[in-house]
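One structure is given here, and the rest of the page talks about it.
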Amino acid sequence: MDDPPCHAAFPPAPSGSGIDKESGGVMDYDVVVVGGGPAGLAFARGLARASQRGRPLKVAIVERQPREALAQPAFDGREIALTHRSIDTLKALSAWEHIPQNEVAPLREARVLNGASPFALAFDPRGGVHDRLGTLVPNHLIRRALFEVTARQEGLDLLTGASITALVADDSGAHVVLADGRRLAAPLLVGADSRFSFVREQLGIPAQINRTGRSMLCCRVHHEANHDSIATEWFDHGETKAILPLNGRMASAVLTLASEEIDRLCAMDPATLGAELTRRFDGRLGQMRVAQAPHAYPLATTWSRHFASTSAALIGDAAVGMHPVTAHGFNLGLRSAASLAALVVRAHGLGRPLASPLLLRRYEAGQRLAARPLYDGTNLLVNLFTAETPPARLARSASLRLAARLPGLRGGVSRLLLQR
Ligand SMILES: Cc1cc2nc3c(=O)[nH]c(=O)nc-3n(C[C@H](O)[C@H](O)[C@H](O)COP(=O)(O)OP(=O)(O)OC[C@H]3O[C@@H](n4cnc5c(N)ncnc54)[C@H](O)[C@@H]3O)c2cc1C
């Protein structure tokens with residue numbers, strides 16, 4: 001097979017890590033994964049299929065949180081808009097059946113508004129095979145389901161409450177040292193340790209990091225009017241607002257503002273915050289009452305220059321940290337986990353190396369192709385819709401109306417959201 005046209009050579013392996021690879025007491029694995037978030041767990045779960053093709057793979061997941069935090073993750077305010085493709089992947093991993101279906105909410109349509117203008121750009125699945133654009137599922141339930149199916153996997157060691165202090169990856173494989181002195185070795189190291197990835201840094205892979213200075217507040221609210229399962233997003237004088245429809249008369253109210261302003265809102269008591277959200281959302285859904293305490297996330301986007309290096313790969317947010325406004329981070333991360341796992345399982349079945357340069361380049365090329373348009377498109381959207389100069393506002397209004405007149409564009413975006 002030809003090498004995909006990605007990049008000619010991987011970045012040089014880091015040197016001077018001070019790891020003595022020859023000393024004893026090393027725990028040997030086929031794959032070491034750093035990070036037991038959704039991407040790391042989904043990847044490890046994807047490797048379970050290896051047992052159908054021979055011996056199970058020996059996998060270690062190194063996660064700094066305690067085991068209980070993975071087994072029973074707390075509600076974190078994130079409602080993940082899953083694409084149909086992601087649901088299919090979660091089904092294939094047997095995780096979907098572990099998500100309580102009364103917590104799953106249909107997303108029938110999405111509308112984008114510009115300030116107080118009544119004009120709306122709508123995206124829906126009309127003409128397609130689906131009855132909905134996507135599905136909203138709370139993040140902590142996805143994480144819990146992935147933990148449930150992964151925790152007892154044959155050949156898998158979940159090293160929780162553990163962090164790495166040093167690593168080296170070269171032609172002979174990867175070696176990792178944990179804070180408690182344990183040492184792990186494997187032909188393949190996978191960094192799934194979020195957008196500020198320690199693994200990425202230690203591998204010497206540079207990343208574009210954009211700290212926006214803004215934060216996103218997510219707050220579950222009860223409200224008076226029906227939302228009709230329509231997600232609404234609108235852009236207004238320095239703030240971005242979204243309503244994500246949950247079951248019944250409940251929604252996630254999402255506000256993006258300067259970080260200091262979000263901190264001020266988070267400090268409010270529930271009644272004051274409810275009144276503030278009702279006002280900021282123009283009473284569109286009537287009175288809002290806080291259903292659960294809000295969560296705030298400082299926003300930063302990241303793009304790794306490489307998604308793989310010698311004997312190592314990055315998945316999930318460690319590879320691409322998307323702006324959440326287009327709801328694609330998890331979907332992309334799941335895709336990266338599934339595609340790398342499929343390549344590794346295949347190589348294992350054929351008795352080939354698990355981290356050959358060809359395999360890693362193939363993973364990287366496919367994933368970059370999928371991620372780049374979404375990453376650039378999302379950043380363009382954010383820039384267009386958050387700039388507050390008069391020409392930018394004019395451009396915003398004009399581009400929404402132009403997009404509405406171009407059925408091909410709206411259909412294309414809908415298909416992107418529906419991704420299979
Ligand atoms: C407000 C908000 C809303 C979002 N909405 C959507 C949406 O609608 N749709 C969508 O597709 N995406 C959405 N996302 C994005 C999605 O949540 C992320 O893309 C996804 O959680 C990334 O998963 P991950 O496993 O790569 O990283 P993480 O979830 O960050 O997990 C990383 C794990 O690695 C562990 N870790 C980190 N460093 C170390 C270390 N050194 N050693 C050991 N362990 C380590 C951490 O403890 C953590 O468990 C949203 C994000 C936000 C903030």
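Measuring between their Cα centroids, the stretch 224-246 and the stretch 62-96 lie 24 Å from each other.
The residues of the stretch 215-364 have, on average, 35 Å² of accessible surface per residue, using a 1.4 Å probe with all protein chains present.
Summarising the amide proton neighbourhood of L299: residues at separation of 5 or more, or on other chains, whose placed amide H is nearer than 5 Å comprise T212, G213, R214, S215, M216. If you take all C-alpha pairs in the stretch 180-224, what percent of them are over 16 Å apart? Distances greater than 16 Å cover 65 percent of the Cα pairs. Placing a pseudo-label 7 Å from each Cα along the Cα-to-Cβ vector at S51 and D76 gives an inter-label distance of 2.7 nm.
Of the solvent-accessible surface of the stretch 165-293, computed with a 1.4 Å probe over protein heavy atoms with every protein chain present, carbon and sulfur atoms account for 50 percent. With both labels modelled 7 Å from their Cα along Cα-to-Cβ, the Q287 to R182 distance reads 5.3 nm. Computed over the stretch 147-298, the P(r) curve from all C-alpha pair distances, binned at 10 Å from the origin, holds 9, 28, 20, 20, 18, 5, 0 percent per bin. For the set F196, F307, solvent exposure ranked by accessible area (probe 1.4 Å, protein chains only) runs largest to smallest as F196, F307.
For a modelled paramagnetic label at E239, 7 Å from Cα along Cα-to-Cβ, the residues of the stretch 277-306 in reach, with backbone nitrogen under 16 Å, are 277-290, 294-297.
K91 sits with roughly 110 Å² accessible to a 1.4 Å probe, with DNA, RNA and ligands left out of the calculation.
To the nearest µm²/s, what D does Stokes-Einstein give for the stretch 53-212 at 37 °C and 0.692 mPa s, using the Kirkwood radius over alpha carbon pairs as Rh? This corresponds to a translational diffusion coefficient of 172 µm²/s. Here each label is just a point 7 Å from Cα along the line to Cβ, and for M27 and E276 those points are 4.5 nm apart.
The values are calculated or read from the model by the stated rules, or taken from the named source; none is laboratory data. Worth saying up front: this structure is predicted, and the values here are computed from it rather than measured. Heads up, the Cβs are rebuilt from the backbone with ideal geometry, glycines too, and the neighbour counts pull from every protein chain shown. These area figures cover heavy atoms from the full protein model, side chains too; ligands, DNA and RNA do not enter into them. Shrake-Rupley method; radii C 1.70, N 1.55, O 1.52, S 1.80 Å.
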